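Reviewing the structure listed below.
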């Protein structure tokens, strides 16, 4: 992923992705099959991998445009309002008939989570509509995930490539990636489990090497072990995670990806951007929720300055 030159104006990032209402239950440990447990807390917060990355990038200092869909229900109104309140442009956010997407999230006492996503309106985004290519073309980076129909994601990636906009794909939820999508991806950002599923390699360095035979640049995120970055023709770079007491890991990966994209588009080197993103993720896991946990740029810079 190439970066723009550093300037006073914030970098422009387009995010083509999902937006959900997260329905979050907190428990000591998740129930097994056929088991009922009593939770300790419930929250309803905006989420979705696309919206999460958009909020993370905006708070990390980017000027963000969001492309996706909400339903014509109460959740849709709330989700649109939340993006606007986060300073995100929503001219590319369409409203379709029916329910908005929702995610049912169980957060355990150690911060680990399990998630069931019901796509709702997200499932209607099977391609681009008028105006979407203009938003993509005017951006320094395009962020994609796999919570929208794959044909829609592939169409956005083609638009990014045609416009010369670096395209970043988070391949989650994990699935087989068609060649017509990968051919238009500049940077792939799986976690270690997704990287193993894509490549068949359980060792992260071996998985990274396999990914680089398909895309020019990749990052494998390793949870508490940090992240591994590689690009063709360069040696891999490992950046360790910061040691913190996690209370909720929901959207930590999206926080990392959004912050990394904002930092790279803003002119930082890959290693500088990795450290910036790792600091953002470290802050986020110490707070509850998805978007509410994401730090502002000043908080990230303060943590970096503290060493």
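Any read-out appearing in this document is the output of simple, stated calculations on the displayed coordinates, not a laboratory observation. Since the structure is predicted, the reported quantities are computational estimates derived from the model, not experimental observations. Glycine also receives a Cβ, built like all others from the backbone with ideal geometry; neighbour counts cover every protein chain displayed.
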For residues in the range 293-303 being closer than 23 Å to residue 65 by Cα and without any contact (Cβ under 8 Å) to a residue 60 or more places away in the chain, which is surrounded by the most Cβ atoms within 10 Å (Cβ to Cβ)? 293
Can you confirm whether residue 242 is in contact (Cβ under 8 Å) with a residue 40 or more places away in the chain and within 16 Å of residue 64 (Cβ to Cβ)? no
What is the number of the single condition among (1) in contact with a helix residue (DSSP H, G or I) (Cβ under 7 Å, 6 or more places away or on another chain); (2) assigned to a loop (DSSP other than H, G, I, E, B); (3) surrounded by fewer than 18 Cβ atoms within 10 Å (Cβ to Cβ) that residue 268 does not meet? (3)
Tally, over the range 32-43, of residues that are surrounded by fewer than 13 Cβ atoms within 10 Å (Cβ to Cβ) and either in contact with a helix residue (DSSP H, G or I) (Cβ under 7 Å, 6 or more places away or on another chain) or touching a residue at least 12 places away in the same chain (Cβ under 8 Å) (or both): 3
Among the residues of the range 88-135, write down those that are in a loop (DSSP other than H, G, I, E, B) and within 17 Å of the chain's Cα centre (by Cα). 88, 119
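Residues are listed down the side, and each one gets a yes or a no for (1) without any contact (Cβ under 8 Å) to a residue 60 or more places away in the chain; (2) under 26 Å from residue 209 (Cα atoms):
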residue	(1), (2)
249	no, no
255	no, yes
265	no, yes
275	yes, yes
283	yes, no
291	no, no
306	yes, no
Any residue that is under 30 Å from residue 22 (Cβ atoms), within 19 Å of the chain's Cα centre (by Cα), surrounded by 21 or more Cβ atoms within 10 Å (Cβ to Cβ) and touching a residue at least 12 places away in the same chain (Cβ under 8 Å) - is there at least one of those in the range 200-208? no
Subset of the range 153-199 [touching a helix residue (DSSP H, G or I) at 6+ places or on another chain (Cβ under 9 Å), surrounded by fewer than 16 Cβ atoms within 10 Å (Cβ to Cβ) and under 23 Å from residue 122 (Cα atoms)]: 173, 174, 175, 176, 178, 180
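Could you run through the range 33-87 and say how many residues are assigned to a loop (DSSP other than H, G, I, E, B) and farther than 18 Å from residue 259 by Cα?
Looking only at that region, the number is 10.
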